[in-house]
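The values are calculated or read from the model by the stated rules, or taken from the named source; none is laboratory data. As the structure is a computational prediction, the values presented were derived from the model and not from experiment. Using ideal geometry, Cβ is built from the backbone for each residue, glycine included, and neighbour counts are taken over all protein chains shown.
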Amino acid sequence: MAKLWGGRFQKSAESWVDEFGASIGFDQQLVLEDIEGSVAHVTMLGAQNILPKEDVEKILDGLAQLKVKAEAGELEFSVSNEDIHLNLEKMLIDLIGPVGGKLHTGRSRNDQVATDMHLFLKKSVPEVIGLIEHFQKTIVEQAEQNLDTIAPGYTHLQRAQPISFAHHLMVYFWQLQRDKERFTESMKRIDILPLGAGAMAGTTFPIDRLKSAELLGFAEVYANSMDAVSDRDFIVEFLSNSALLMTHLSRFAEEIIIWSTDEFKFIELDDAFSTGSSIMPQKKNPDMAELIRGKTGRAYGNLMGLLTVLKGTPLTYNKDMQEDKEGMFDTMETVLGSLKIFEGMVRTMSVNKARLHSAVHSDFSNATELADYLATKGMPFREAHEVTGKLVFTCIQQGIYLLDLPLEEMQKESVLIEEDIYAVLAPEAAVSRRNSLGGTGFEQVALQIQNAKQLLV
Ligand code: ARG
């Protein structure tokens, strides 16, 4: 088939060579963005009297027809037309005749493809932000239901100090809050239009780039035509923000997986978000959480892939840049899917309050309380730590916990210890007394949740 750029060529590439160079297999996802960009471009060409009104109307009419077909999934793309831009241009010419060839006046595929990518992210990143926010609301709801659920807090995955389970859940709210801020911040750089940069040097036609920006709803245009066609920072930023978001989801997924084990039993996932085993009838596997943890790998890969594509490319456009798309689409799908699933998983999971309660009553996570108690009574903290450590050791030898240790035994290590120690050692007390700003004390956590809710619209 004759190429739209074939004039200078004496022979055509074989089809397998065309196939290797083609991007239509994946950039057809940009069909609506490409049409939208063309509509704005030709409208601007008309407004600037670069093209006569009747030509503009014919082109707009053709583009409108293509849009209807695109939305119905009725367009048939061909590898011999390489990419979405040439496919659509060819279809337009087939539909309305040679006048369709005027659409590309003052434009290049280089500013066109960059425009499509900006349009894609301008539409999709707000979807990501919306899903993050939706998930945050669910986390807040679970936290509110678990404000007084006492749970073990960990460092090194060893019992550390008792906490409110809400405090633990809210960590993920704040991680997501920062993710949301990063995506929102990035919109500023997505909201810059490359269209009108031409191949790279601008154009001799009296175009109006600001008009195109206005038509497409962009806040700004690129200040430098060469930067406009070679910049992919905004995609790297999307991939980077997504990689970090996936890191957060993956850490949360890991906790969900651990909490669902028989060893922990802190939560139970809803049947709707679990899967069975083909051989072991008793199994209920946290597949969705595992899959999200696993998909984090591809999000990292896509970021590393694009950074590597860009690192050696000279200015301006190079065909290498065609490699920016699949990773972006893949990460977008991964992030949207993971957020949706995770929200449902957390909304429907049940928290085993009784189990969390008994867990925190059968460990030494209240040891810091004893050390703090002694320090409050004037003993240097280092000494208090030593005394408490010895008492913990005594308990371990007897197979009991600090609350089970008779007062006389404790007083053998320090006479500062009195009857009131038992109230202090209660895990509930340990939590409620940690009322330093941002601490796990119930009042602080309630305040934290209240502040968090104000960040949600
Ligand atoms: N398919 C190309 C891409 O995705 C479009 C731009 C092609 N420009 C060019 N001069 N070959 O990057």
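Just so you know, in the range 335-367 the residues that are crowded, with 22+ Cβ neighbours inside 10 Å and hydroxyl-bearing (Ser, Thr, Tyr) include one that is nearest to the chain's Cα centre (by Cα), and it is Ser338.
Which residues, counting only those in the range 112-137, are within 16 Å of the ligand (Cβ to nearest atom) and within 10 Å of Met332 (Cβ to Cβ)?
Phe120, Leu121, listed by residue number.
Of the candidates Leu370, Leu447, the single residue that is part of a helix (DSSP H, G or I) and buried (at least 18 other Cβ atoms within 10 Å of the Cβ) is Leu370. For the condition of a type outside the set (Val, Ile, Thr), within 18 Å of Val431 (Cα to Cα), outside the structural domain of Ser432 (by TED's automatic domain parsing) and away from the ligand (no atom under 16 Å from the Cβ), Lys353 qualifies.
Among the residues of the range 181-233, those identified as in contact (Cβ under 8 Å) with a residue 40 or more places away in the chain and in contact with a Lys or Arg (Cβ under 6 Å, 6 or more places away or on another chain) are Ile190, Gly196. When we screen Asp55, Asp61, Asp34 for residues that are within 16 Å of the ligand (Cβ to nearest atom), among the charged types (D, E, K, R), at pLDDT 95 or above and closer than 29 Å to Glu214 by Cα, the only hit is Asp34. Please pick out the residue among Thr138, Thr204 that is farther than 25 Å from Gln450 by Cα and not aliphatic (A, V, I, L, M). Only one candidate qualifies: Thr204. Anything in the range 296-330 that is in a loop (DSSP other than H, G, I, E, B) and either under 19 Å from Leu121 (Cβ atoms) or within 16 Å of the ligand (Cβ to nearest atom) (or both)? List them, or say none. Answer for the range 296-330, where residues must be in a loop (DSSP other than H, G, I, E, B) and either under 19 Å from Leu121 (Cβ atoms) or within 16 Å of the ligand (Cβ to nearest atom) (or both): Thr313, Pro314, Leu315, Thr316, Tyr317, Asn318.
Looking at the structure I just gave you, is Lys265 farther than 22 Å from Lys340 by Cβ, touching a helix residue (DSSP H, G or I) at 6+ places or on another chain (Cβ under 7 Å), touching a residue at least 24 places away in the same chain (Cβ under 8 Å) and part of a loop (DSSP other than H, G, I, E, B)? Yes.
Just one of (1) within 18 Å of the chain's Cα centre (by Cα); (2) buried (at least 23 other Cβ atoms within 10 Å of the Cβ) fails for Glu181. It is (2). Take the conditions in contact (Cβ under 8 Å) with a residue 40 or more places away in the chain, assigned by TED's automatic domain parsing to the domain that holds Val309 and within 30 Å of Ala354 (Cβ to Cβ) and apply them to Ser250. Does it pass? Judged against the criteria, Ser250 is a match.
For the range 119-131, the criterion of being more than 18 Å from the chain's Cα centre (by Cα) and buried (at least 18 other Cβ atoms within 10 Å of the Cβ) is met by at least one residue. If you go through the range 253-298 and keep only what is over 24 Å from the mean Cα position of the chain (by Cα) and of a type in the set (Lys, Arg), you end up with Lys265, Lys283, Lys284.
Counting only residues that are in contact with a Phe, Trp or Tyr (Cβ under 7 Å, 6 or more places away or on another chain) and either outside the structural domain of Met321 (by TED's automatic domain parsing) or charged (D, E, K, R) (or both), the range 115-158 holds 1 of them. Condition (residue is under 25 Å from Lys325 (Cβ atoms) and among the charged types (D, E, K, R)) applied to the range 3-17: is it met by at least one residue? Looking for residues that are under 25 Å from Lys325 (Cβ atoms) and among the charged types (D, E, K, R), one finds at least one in the range 3-17, hence yes.
Entry remark, the range 234-249: residues being surrounded by fewer than 22 Cβ atoms within 10 Å (Cβ to Cβ) and closer than 12 Å to Gln175 by Cα number 3 in total.
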